[in-house]
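Here is the structure we will look at, set down as structure tokens.
The values are calculated or read from the model by the stated rules, or taken from the named source; none is laboratory data. What you see is a predicted model; the values in this text were computed from it and never measured. All Cβ positions, even for glycine, are placed from backbone atoms using ideal geometry, and neighbour counts span all protein chains on display.
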């Protein structure tokens with residue numbers, strides 16, 4: 001696909017937030033037409049049919065060579081816009097056709113580094129990993145029309161233990177944000193927040209599959225979208241548990257879905273080798289979780305100055 005002029009290079013990445021907003025708008029318009037103009041309203045029925053098709057058509061029927069080319073174009077163009085660069089601390093430590101569990105931090109309002117860098121066929125992804133990696137996203141993303149197609153084309157899959165176990169057993173790598181909803185609830189402006197101290201599940205999974213743990217930190221990502229979390233916190237937590245996502249208001253340039261143009265540096269740390277045990281003891285899981293947290297904090301300190309965040313604090317919850 002053709003290269004875009006620099007001012008337009010954010011448009012491809014903005015399409016993902018735009019898809020969320022467009023789905024809400026189309027759903028509201030559909031309800032308005034059917035309620036106010038009757039259940040036989042042609043426009044309302046066309047909109048409803050479109051939404052139902054986008055929500056239930058099997059995702060495997062929507063992908064092909066064109067979607068792969070589209071994803072590579074999105075990743076390349078968005079990477080040029082921020083710009084986004086990737087730093088790999090241990091190139092020799094990443095082997096092709098090998099299972100890894102990448103712990104990606106922080107979540108931020110939107111983890112733009114995942115679609116930009118960790119899409120299955122992203123040209124920014126280290127060559128050893130291209131075509132052999134899947135990002136994990138909240139299952140609610142795959143229930144939203146249009147969003148589910150875009151996420152699927154990127155190579156993202158609904159996060160579940162069963163699916164991740166199958167991918168790792170097949171020698172594929174997975175990328176997930178361990179903090180998830182709790183991390184979004186703990187975010188504060190002016191600092192970086194990661195929610196890890198109670199996240200034993202991804203470490204246990206890595207040990208069960210004998211897959212090395214790899215810390216990843218995306219510097220500058222938190223500045224790509226402005227955000228507001230409504231109050232009260234107890235209500236937001238309740239909604240988050242029910243729907244599987246935190247109801248954040250987020251916006252980019254001039255209040256649009258286009259992200260702010262901020263340099264993003266995704267640092268892939270050194271793999272942490274883990275034992276292969278089908279039933280790891282809690283003490284062993286805690287040992288490797290502590291090691292992961294230590295390595296993540298050390299990675300942050302090593303790179304924050306070079307990434308323009310010398311004065312930034314990393315809060316580990």
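From the list 115, 126, pick out the single residue that is in contact (Cβ under 8 Å) with a residue 40 or more places away in the chain and in contact with a strand residue (DSSP E or B) (Cβ under 6 Å, 6 or more places away or on another chain). Spell out how you get there, then give the answer.
Numbers: 115 fails: in contact with a strand residue (DSSP E or B) (Cβ under 6 Å, 6 or more places away or on another chain).
Step by step, each of 115, 126 is checked, and only 126 is in contact (Cβ under 8 Å) with a residue 40 or more places away in the chain and in contact with a strand residue (DSSP E or B) (Cβ under 6 Å, 6 or more places away or on another chain).
Among the residues of region 151-162, count how many are out of contact with any helix residue (DSSP H, G or I) (no Cβ under 7 Å at 6 or more places or on another chain) and surrounded by 15 or more Cβ atoms within 10 Å (Cβ to Cβ).
2
Just give me the residues in region 29-75 being in a helix (DSSP H, G or I), in contact with a helix residue (DSSP H, G or I) (Cβ under 9 Å, 6 or more places away or on another chain) and closer than 30 Å to residue 216 by Cβ, in sequence order.
59, 60, 67, 68, 70, 71, 73, 74, 75
Quick check on residue 288: is it at pLDDT 90 or above, farther than 28 Å from residue 116 by Cβ and touching a strand residue (DSSP E or B) at 6+ places or on another chain (Cβ under 9 Å)?
On the way: at pLDDT 90 or above: yes; farther than 28 Å from residue 116 by Cβ: yes; touching a strand residue (DSSP E or B) at 6+ places or on another chain (Cβ under 9 Å): yes.
Yes: the conditions hold for residue 288.
Of the conditions (1) within 16 Å of the chain's Cα centre (by Cα); (2) at pLDDT 95 or above, residue 213 fails just one. Which one is it?
Failing condition for residue 213: (1).
Look at residue 69 and say whether it is more than 30 Å from residue 314 (Cα to Cα), buried (at least 16 other Cβ atoms within 10 Å of the Cβ) and at pLDDT below 90.
Details: more than 30 Å from residue 314 (Cα to Cα): yes; buried (at least 16 other Cβ atoms within 10 Å of the Cβ): no; at pLDDT below 90: yes.
Here the answer is no, as residue 69 does not meet what is asked.
Where residues in region 254-265 are surrounded by fewer than 16 Cβ atoms within 10 Å (Cβ to Cβ) and at pLDDT below 90, which of them is nearest to the chain's Cα centre (by Cα)?
First pass over region 254-265, keeping only residues surrounded by fewer than 16 Cβ atoms within 10 Å (Cβ to Cβ): 254-256, 260, 263.
Filter once more, keeping what is at pLDDT below 90: 254-256.
Details: 254: 23, 255: 21, 256: 20 Å.
It comes out as 256.
Given (1) under 16 Å from residue 178 (Cα atoms); (2) touching a helix residue (DSSP H, G or I) at 6+ places or on another chain (Cβ under 7 Å), where does residue 262 come up short, assuming only one miss?
All conditions are met except number (1).
Report, by residue number, each residue of region 169-203 that is buried (at least 21 other Cβ atoms within 10 Å of the Cβ) and either more than 28 Å from residue 236 (Cα to Cα) or more than 18 Å from the chain's Cα centre (by Cα) (or both).
Once the filter is applied, which keeps residues that are buried (at least 21 other Cβ atoms within 10 Å of the Cβ) and either more than 28 Å from residue 236 (Cα to Cα) or more than 18 Å from the chain's Cα centre (by Cα) (or both), region 169-203 yields 173, 174, 203.
Give the number of residues within region 76-108 that are farther than 22 Å from residue 292 by Cα and surrounded by 17 or more Cβ atoms within 10 Å (Cβ to Cβ).
Within region 76-108, residues that are farther than 22 Å from residue 292 by Cα and surrounded by 17 or more Cβ atoms within 10 Å (Cβ to Cβ) number 7.
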